[in-house]
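See structure below.
The values are calculated or read from the model by the stated rules, or taken from the named source; none is laboratory data. Since we're looking at a predicted model, the values are computed, not measured. FYI the Cβ positions are ideal-geometry reconstructions off the backbone, even for glycines, and counts take in every protein chain you see.
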Amino acid sequence: MGNLSRLLKESWTIVEEHQDKVAGYFYARMFISNPELRSLFPVHMDVQRARLLGAIVTAVQTLDDPERFDEYLRALGRDHRKFHVSPEHYQVVGGALLEALRTFAGEQWSVEYDQAWSDAYAVISKKMMAGADADTNPPFWHAEVTAHERRSRDIAVFTLRPLQHPVDYRAGQYVSVEAPRYRPRLWRTYSIANAPRKDGTLDFHVRALGAGWVSSALVRRVRPGDLLRIAAPMGTMTLDRKSNRDIVCVAGGTGLAPIKALVEELARFNRNRWVHVFYGAKDREDLYDLADLEKLAARHPWLSVVPACSEDASYAGEQGNVSEVVARYGPWIDHDFYVSGSPTMVKSTLRTLAELQVPPLRIRYDALSEL
Ligand SMILES: Cc1cc2nc3c(=O)[nH]c(=O)nc-3n(C[C@H](O)[C@H](O)[C@H](O)COP(=O)(O)OP(=O)(O)OC[C@H]3O[C@@H](n4cnc5c(N)ncnc54)[C@H](O)[C@@H]3O)c2cc1C
Ligand code: HEM
């Protein structure tokens, strides 16, 4: 671990147990010095829902080598244009962050710790500002819901038509989405489930989580005719067109969305790469898009689809977690991998692939999906 990384992690352990108080102080400091910033944040801000401080702390600790994450940070900066964030705001937020850390660490804080946090924050925010500055798109797009279909108890598939010019993105990327009519100022990221189309429409697959604010509105309340907002595309799980290796896609639940976009992109030019899609869900009702995938497989001889259920004993197909099912097929040593699903599913698939000795460089997933 580098020295900067050590200092950042070591110093965070001093304040970690007072996280809620650090967050309270951070937001109070920011809003008192710049009251106009309050309107950017969610209306109700309990600590659970206040995400910025947690996001910055995670970013500072994870991105100790910002060069490696250059594209992510530039995209995050473009994405933050949806909040109308300006360079002065970065200073205010950085100042409030350091004040909060100093205050709660007390005497255990040191000049070295201070310098480490301000250096890391400065590098990260500079990259975000550069990304925002270079972006010629609008800060966000208004998009009309043109179709909305409930596919299971808690999953909906819907289509958006951006009203201004088209969103320029690559299959496999995701965008932040807001449903202003139902959940103003709450943005969450969702993967685009189709390759770019001539008419610019975008499909999404969303699962309503029990207590989830945005997902429940997107699944249960949104209807055709509603206007949503979407921000700049992000993410690096895009197709490596230069590779000629065969491909394995591993999808869990609505993690299928970006995989479907990748398969659609392949359908436009692929002739000679075998593509295997492993699609895991709890039970057969949760395999909400299997019929569409099977249609694609019937049309393209290079595509095979293996569905699997982890909690449906009477299901006639593969049984078990999708990563176990992948391990049953194979060997996969010469394949490119694309992995998408919940953080737990992605982690267990990466573990399995490590055991199968798949080189990490051949595996694409959104490493920062937990930020
Ligand atoms: C890169 C990326 C792409 C994504 N793409 C998709 C997509 O295509 N489709 C999709 O449905 N979702 C996707 N998500 C997840 C999505 O961004 C939201 O996190 C999710 O919809 C929950 O938001 P919410 O506002 O409803 O829940 P919140 O209000 O944020 O959370 C409410 C509560 O639900 C619980 N919770 C949160 N997440 C989970 C979880 N995964 N499992 C169980 N409990 C949880 C937490 O305890 C939390 O307190 C993606 C996430 C990332 C990072
Ligand atoms: C180093 C600088 C920054 C980083 C790494 C960063 C990162 C992030 C990330 C990853 C999120 C999403 C969190 C989530 O939804 O789980 C987020 C949310 C947000 N960010 Fe930033 N951000 C930075 C600076 C700023 C600045 C300067 C502002 C302007 C005030 C800002 C305003 C917001 C707002 C309003 C949210 C939504 C908060 C919420 O929903 O509670 N961010 N940030």
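Could you list, in sequence order, the residues of region 128-150 that are in contact (Cβ under 8 Å) with a residue 60 or more places away in the chain and surrounded by 21 or more Cβ atoms within 10 Å (Cβ to Cβ)?
Of the residues in region 128-150, the ones in contact (Cβ under 8 Å) with a residue 60 or more places away in the chain are 134-135, 137, 139-148, 150.
Of everything in region 128-150, those that are in contact (Cβ under 8 Å) with a residue 60 or more places away in the chain and surrounded by 21 or more Cβ atoms within 10 Å (Cβ to Cβ) turn out to be Phe140, Trp141, Ala143.
Listed here are the residues, each with its yes/no results for (1) at pLDDT 95 or above; (2) assigned to a helix (DSSP H, G or I); (3) closer than 30 Å to Asn3 by Cβ.
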| position | (1), (2), (3) |
| --- | --- |
| Gln19 | no, yes, yes |
| Val22 | no, yes, yes |
| Glu36 | no, yes, no |
| Ala50 | no, no, no |
| Gly54 | no, yes, yes |
| Thr58 | no, yes, yes |
| Gly95 | yes, yes, yes |
Can you find a residue in region 120-133 that is among the charged types (D, E, K, R) and either farther than 25 Å from His89 by Cα or more than 23 Å from the chain's Cα centre (by Cα) (or both)? no
For Thr189, which of the numbered conditions (1) touching a strand residue (DSSP E or B) at 6+ places or on another chain (Cβ under 7 Å); (2) crowded, with 20+ Cβ neighbours inside 10 Å fails to hold? (2)
If you go through region 116-126 one residue at a time, do you hit one that is among the polar types (S, T, N, Q), within 16 Å of ligand 1 (Cβ to nearest atom), surrounded by fewer than 20 Cβ atoms within 10 Å (Cβ to Cβ) and in contact (Cβ under 8 Å) with a residue 12 or more places away in the chain? no
Are there any pairs with C-beta distances below 7 angstrom linking a residue in region 197-217 that is within 16 Å of ligand 2 (Cβ to nearest atom) to a residue that is in a helix (DSSP H, G or I), with the two at least 6 apart or on different chains, and if so which? Val206/Ser215; Val206/Leu218; Val206/Val219; Val206/Thr254; Leu209/Ser215
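Give Ser323, Ser348, Ser342 a once-over and let me know the one that is in contact (Cβ under 8 Å) with a residue 12 or more places away in the chain and within 16 Å of ligand 2 (Cβ to nearest atom). Reasoning before the result, please.
Details: Ser323 fails: within 16 Å of ligand 2 (Cβ to nearest atom); Ser348 fails: within 16 Å of ligand 2 (Cβ to nearest atom).
Of Ser323, Ser348, Ser342, the one residue that is in contact (Cβ under 8 Å) with a residue 12 or more places away in the chain and within 16 Å of ligand 2 (Cβ to nearest atom) is Ser342.
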Within the bounds of region 160-175, is there any residue that is surrounded by 15 or more Cβ atoms within 10 Å (Cβ to Cβ), small (Gly, Ala, Ser) and either closer than 16 Å to Lys260 by Cα or within 12 Å of ligand 1 (Cβ to nearest atom) (or both)? yes
Taking region 131-168 only, how many residues are in a loop (DSSP other than H, G, I, E, B), closer than 24 Å to Ser86 by Cα, in contact with a strand residue (DSSP E or B) (Cβ under 8 Å, 6 or more places away or on another chain) and at pLDDT 95 or above? 2
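Among residues belonging to region 177-217 that are among the polar types (S, T, N, Q) and in a loop (DSSP other than H, G, I, E, B), point out the one that is nearest to ligand 1 (Cβ to nearest atom). Before the answer, list the steps.
So the first thing to find is which residues in region 177-217 are among the polar types (S, T, N, Q), and the list is 189, 191, 194, 201, 215-216.
So of that shortlist, the ones also in a loop (DSSP other than H, G, I, E, B) come out as 194, 201.
Values: Asn194: 12, Thr201: 16 Å.
Ranking the candidates gives Asn194 first.
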